[in-house]
Amino acid sequence: MREGMALRMNFWLRGAVPGLLAVGLLLFSVLPLGLPYFGDVRPLLILIAVFYWSIFWPELMPAILVFSIGLGFDLLAGGPPGIMALVLLLVRGVCVNQHRPIVGQTFVVGWLGFALIAVGAYLVLWLLHSIYYFTLFDPRPLVGQFVITVLFYPLVAWAFTMVQSWISRSVVE
């Protein structure tokens, strides 16, 4: 009986790892990095987390977690509450419903898929912020953030692939 309980607890803890990683990336995303030549532009790593896990293992990135991460980002970054939550929920919805063209393909196809979804996410972010503040914002900072986020994708996706492999091994064992 104890062995079964230990196995269930092990499985549950391993399943919580993607959410914990996403929360860690949320905290990292709002830290002032002070990178030279970039100013306040920093990668939106939670977008990568939501994309990756929603494509490859959506059960480990449920909508309530995505909403909570987005709302946490809004509150910590000082943005309008709910905008990032909505954008991340939209990204999750698209990924869960359209994951077939990406799953099982090469890494480059996944990277391009992320870039396409990120373009849509950044356009929605820009539009919602412009509506919220009743002004058209200069899109250049978002374009810079988009580029940095897309360039960070390979590193973060590689780390998530290692974590996914580790979680999968525990399910088989």
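Just so you know, all these numbers are worked out from the coordinates, no wet-lab data involved. Bear in mind that the values here come from a model prediction, so they are computed numbers and not experimental data. As a convention, Cβ positions derive from the backbone with ideal geometry for all residues, glycine included, and neighbour counts pool all protein chains shown.
Observations, loosely collected:
- Full-extension gain in nm, M162 to R140, via 0.36 nm per residue minus C-alpha separation: 4.5 nm
- The modelled label-to-label distance between H99 and L27, using points 7 Å beyond Cα along the C-beta direction, is 2.7 nm.
- Rounded, prolate or oblate (a/c below 1.5 giving rounded, otherwise prolate when a/b exceeds b/c) for region 27-121 by Cα gyration tensor: oblate
- Computed packing ranks the peptides 118-124, 128-134, 161-167 as 118-124, 161-167, 128-134, most packed first, by mean other Cβ atoms within 10 Å.
- With q set to 0.18 Å⁻¹, the log10 of I(q)/I(0) for region 2-172, from the Debye formula over equal scatterers at the Cα positions, is -1.17.
- As a ratio to 2.2 N^0.38 Å, the alpha-carbon radius of gyration for region 98-173 is 1.44.
- Residues within the reach of a label modelled at Y133 (point 7 angstrom out along Cα to beta-carbon, backbone nitrogen below 18 Å), restricted to region 58-78, are 73-78.
- Packing-based order for 59-72, 103-116, using average beta carbon neighbours within 10 Å, highest first: 59-72, 103-116
- Positive-end extreme of charge dipole, region 2-172 - chosen from T135, H99, S68 (charges on Cβ): H99
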